[in-house]
Amino acid sequence: MEDYKFLFKVVLVGNAGVGKTCLGMFPPGQGATIGVDFMIKTIEIDNEKVKLQIWDTAGQERFRSITQSYYRSAHALILIYDITSQPTFDCLNDWLREIDEYANNRVLRVLVGNKIDKEDREIPSHVGQDFAQRHDMRYLETSAKQADNVEKLFVQIASELMEQAKSKGISSDSPQSLPFNTRTSKSINDYCCNR
Amino acid sequence: MCVGCLSRMRPRYKRLVDNIFPSVPQDGLVKNNMEKLTFYALSSPEKLDRIGEYLFQKASRDISRKRNEFVMIAMEAMDQLLVACHAQTLNLFVESYLRIVQKLLESSEPSLQILATQSFVRFSNIEEDTPSYHRRYDFFVSKFSSMCHNNNPNLVTMEMIRMAGIKGIQGVIRKTVSDDLVENIWEPVHMDKIVPSLLFNMHTMKSKTDIVVESGISEEVNDKTDSFSLAESCLRELIGRASFGHVKSVIRPVLKHLDAHHMWVPNVFATQCFRILMFSIQSQYSYAVVETLMTHLDENGNASPKIRTSIADVLSKIIAIAANESVGPTVLEIINSLLTNLRTSVTRRPPSNIGLSESDGENEYREALIHALGEFAAHLPDYQKIEIMMFIMSKVPQFKSSNNPNDLHVQRMCLKSLLMVSTKYSSVQMNATFPQSFLDLLLKTLTASEDEIRFIVLRILHTLLDRHNNAPKLSKATVNITKSEINLEKCSRSDTIFIRKHAQDIYVSIYESLEMTNNTVENVEAVYTTLALICIELLSEETVLDFIRLILSIQELAITNAVLSTQQKFHLHGLVISIMLLVAIVTDLHPLKDYVEKVIEQRKLLSATHLLPELSIHNEVKSASLLPAGVLIEEPELTEALKASGIDITTETGPVLAHRRSWVENTNMSMKGSFTDLSNLDLDSVNSTPAMQRRFSPNEDLSFEAMKRSLMDNPVVRVEQNTRQTQLCDMFRNTSFQDLVAISTASKDEESLHSKITDVFNKVDISNKLSAVETTNQPIPIYETLFPELFAF
Ligand SMILES: Nc1nc2c(ncn2[C@@H]2O[C@H](COP(=O)(O)OP(=O)(O)OP(=O)(O)O)[C@@H](O)[C@H]2O)c(=O)[nH]1
Ligand SMILES: [Mg+2]
């Protein structure tokens, strides 16, 4: 018997070094991500277990072509910048363009300003907030280092996706529901495991 | 209720499954109980799906409790059941099985990931009886690709996970590729993951020795293979299974990867990659790889010349492989695409602040393209090479003088390509080498206004004419040559027919090219080589006379021409004497040889070295006058020498000569006056002497207007258009060389005789839509008319 009720795919994107890997709580010591990394995170919301497949992408330009191929099946995209680095914020528009091009247009998009533990902030909170609002994204500031807001980030994403999935009910032809495992595509809902 | 009752109420399959697990994991799978389970599954296949589901539940629980040994035992059991059961019901069992594999792959434990992969690979080798329409491998592709990029700090672990990833990908490919009903593995969403993952392992994996050094020897790493070769063989398998429609699905991500990882400059890896692809793809599709790479080149039009050069270089290294498999339209498409790129490169406007080095890069790019073209052509059968040469020739912009330097550039590039192809071609019979339309275009270009263009055309002629490798010895006009230095073979019948048929056209064009005022020493030397090769390859006693007439006409040109510089005239004299000597040697005309040697001696004697080779930019005049007495080849003596050699110049033999006025007769006529007049004149002053021009003023009856008028008046011609055209040509041919010379010398503008003829044709054409040979505006692409057989495919 599966021990979760929902499964969602979440993809982390953003410039190199903004803290995607830290934020996803991947095992430390691997340095810059190459290609794509993967892990499972299980979250309990209202006594229901939600399983998140986290795909952590490399920020380095040279891996862009392979990382893009992971956007398409994502239910949620977490776009991360470093609040102490203007260039990482300036690149957000480019990232959004990529997301528009490669991801499902109904993907849940969350903007995260990371590294709030640091003193040398360059992007004020409200600037990030504004940007997120203008582009129809959730916004959150985190410190991956001090685990500030990290849990909250994933819980929010999980519950929002769960709401969406529930409100769509049994409809099987939801465009977001790309098959994620070996089940038949006729299963009740691809967000949802059978049991 | 007691526990015992409960367990006795458990279904049989559950008990059988439970019993395969030992009480202590170290004992491993309980073998005889496994046999019982297998027997049960075989005899009650309808229970197989429940067995699978139950095994899955047990394994899930063990995974979450981190009881990895039990997980492994569950996996082993599943493997064995998979192999043992071939029933239709296997399908449902597989569902449970794959869920376990996925679950293990989701674990962050490297050993479980590797275990899952190993099992999956075994599974991928099992042929299932029924296709599983609904099965999806999306997760497996994503996860295995991710594993291919593993970055575990422990290098041994990293290598193992990466290898597992590659093997997993290989498994997915095997499982899906043969059956269209399952996941379409060729979808970009999969290929964009699979291909870069393989390539990444092909170029970034540290060598095995590094790993051994850094982390101590590991048995697993020292396995038969490493991730590099594994990835490579997987790529080979992938492209090898690609049908035509899938080739691009594989190649596109390859190109993307090479772009993203900046792997064009240097292009070692790119070349390696493409060679692997070319050698592994089903050979009939290999040109699709070439095509895709060429499209990529097109798309990189704005990339730096370095990158484009590198791509073109890769192209040149693989294009030969495709040549063997290419058929008609493909060949021309490839050639056309290369030519188009050349053209684009030529017409590229360099940014205003561009440095010299940048434009140099552009040149290298062009060279690379031409090289690619040559590589391609070299591996085509000879008959296709001719077709390609004709095709390229048809792409050469035809114009006499253009203000647009780009056009000239394009022309130069096309001809260079043609030259490249011609070097890969070996002539056997000249009539096969020079189909009429090809020869026509070549000869036409031989009279182009640019000396460089003419030079390239001459070089093309050299490569095509020279069947006996004489060209290197004949690169410069010389009077120091002996028969033994030349590789000679008796001229074949068909070659004799060829030269009879085309002598007039060829000679007229060569003559006209010598009239050009911008000829350099190199041009004249190249004409020497051309004439020498014609002489060696094509002349026999039957056909030597026309050739000698041409030489005499050239001497006449050197004496009488009003616009050539003195130095250019010297070069012509050097050319004339050299080639006259050669023809005497080659055709064994001893009296002629004696006579020519006498003239040479005379020139030496009178210090008229400026009339002898070596040709140089500035031949100094050491003799008392420019043309001292007895230094020219004179007609009466020549006639005598020819007669003595057994060549009867009074009887005109052969059908070609029959209806044409003899060159010698005409030359004879004009020479009478010219010698005496000229021998005491300073040639430079001749250039501006009006009397000279008047002497050669066009005969009223031979003007082109007159030609046209006579044509229009002829009722027969009005009826039969082809006849008209033929007559026009004939008229041109029959008009004596001297008269033609006169007409062209008299014309004030720079345009050559040839273009005048073109004008006449065009005027005639307007009303009756003659498809004249000289018309430049072809309504349909020339190549389609040139090779209808190619377009019949
Ligand atoms: N102070 C601080 N440092 C952080 C935080 N998050 C990450 N870092 C540091 O930033 C560096 C880069 O973090 P990663 O998580 O590897 O960055 P990434 O976005 O995964 O980078 P790529 O994998 O190259 O795309 C590491 O040295 C982290 O320790 C944070 O919240 N605060
Ligand atoms: Mg990272």
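Listing for the model above:
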read-out	value
Subset of the stretch B:173-197 [open to solvent by less than 10 Å² (accessible area, probe 1.4 Å) and away from chain A (no Cβ under 12 Å)]	B:Ile173, B:Thr176, B:Ile185
In the stretch B:589-610, the residues that are in contact (Cβ under 8 Å) with a residue 24 or more places away in the chain, closer than 24 Å to B:Thr543 by Cα and either open to solvent by less than 50 Å² (accessible area, probe 1.4 Å) or under 46 Å from the mean Cα position of the chain (by Cα) (or both)	B:Leu589, B:Pro591, B:Leu592, B:Tyr595, B:Val596, B:Val599
Failed item in (1) surrounded by fewer than 20 Cβ atoms within 10 Å (Cβ to Cβ); (2) at the interface with chain B (Cβ under 10 Å from one of its Cβ atoms); (3) assigned to a loop (DSSP other than H, G, I, E, B), with A:Ser73 passing the rest	(1)
Within the stretch A:36-50, considering residues that are within 13 Å of ligand 2 (Cβ to nearest atom) and open to solvent by 10 Å² or more (accessible area, probe 1.4 Å), the one nearest to A:Ser159 (Cα to Cα)	A:Met39
Helices (runs of 4 or more DSSP H) lying entirely in the stretch B:56-157 (those with 3 or more residues that are open to solvent by 10 Å² or more (accessible area, probe 1.4 Å) and over 22 Å from A:Asp3 (Cβ atoms))	B:68-84, B:110-124
Test result for B:Ala74, of a type in the set (A, V, I, L, M, F, W, C) and modelled with pLDDT of 85 or more	yes
The stretch A:1-35, subset within 10 Å of ligand 2 (Cβ to nearest atom) and assigned to a strand (DSSP E or B), residue farthest from B:Tyr54 (Cα to Cα)	A:Gly14
So A:Gly29, is it touching a residue at least 24 places away in the same chain (Cβ under 8 Å) and within 16 Å of ligand 1 (Cβ to nearest atom)	no
Conditions (1) within 16 Å of ligand 1 (Cβ to nearest atom); (2) crowded, with 18+ Cβ neighbours inside 10 Å; number of the one not met by A:Arg109	(1)
Among (1) within 13 Å of ligand 1 (Cβ to nearest atom); (2) more than 10 Å from chain B (Cβ to nearest Cβ), the one test that A:Val36 misses	(2)
Every residue from the stretch A:51-68 that is open to solvent by 10 Å² or more (accessible area, probe 1.4 Å), among the polar types (S, T, N, Q) and facing another protein chain (nearest Cβ under 8 Å)	A:Ser65, A:Gln68
Total residues in the stretch B:284-325, condition open to solvent by less than 10 Å² (accessible area, probe 1.4 Å) and under 12 Å from the mean Cα position of the chain (by Cα)	9
Evaluation of B:His262 against (1) in a helix (DSSP H, G or I); (2) modelled with pLDDT of 90 or more; (3) within 12 Å of another protein chain (Cβ to nearest Cβ) (one fails), failing number	(1)
Within the stretch A:122-149, considering residues that are crowded, with 19+ Cβ neighbours inside 10 Å and in contact (Cβ under 8 Å) with a residue 60 or more places away in the chain, the one nearest to ligand 2 (Cβ to nearest atom)	A:Ala144
Selection count where residues are over 60 Å from the mean Cα position of the chain (by Cα) and either of a type in the set (Ser, Thr, Tyr) or within 14 Å of another protein chain (Cβ to nearest Cβ) (or both), scope the stretch B:19-52	6
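The values are calculated or read from the model by the stated rules, or taken from the named source; none is laboratory data. Values in this document were obtained by computation on a predicted structure and should not be read as measured data. Methodologically, a virtual Cβ is constructed for each residue, glycine included, from the backbone with ideal geometry; neighbour enumeration extends over all protein chains shown. All accessible areas refer to the heavy atoms of the entire protein, side chains included, with ligands and DNA or RNA removed. Shrake-Rupley method; radii C 1.70, N 1.55, O 1.52, S 1.80 Å.
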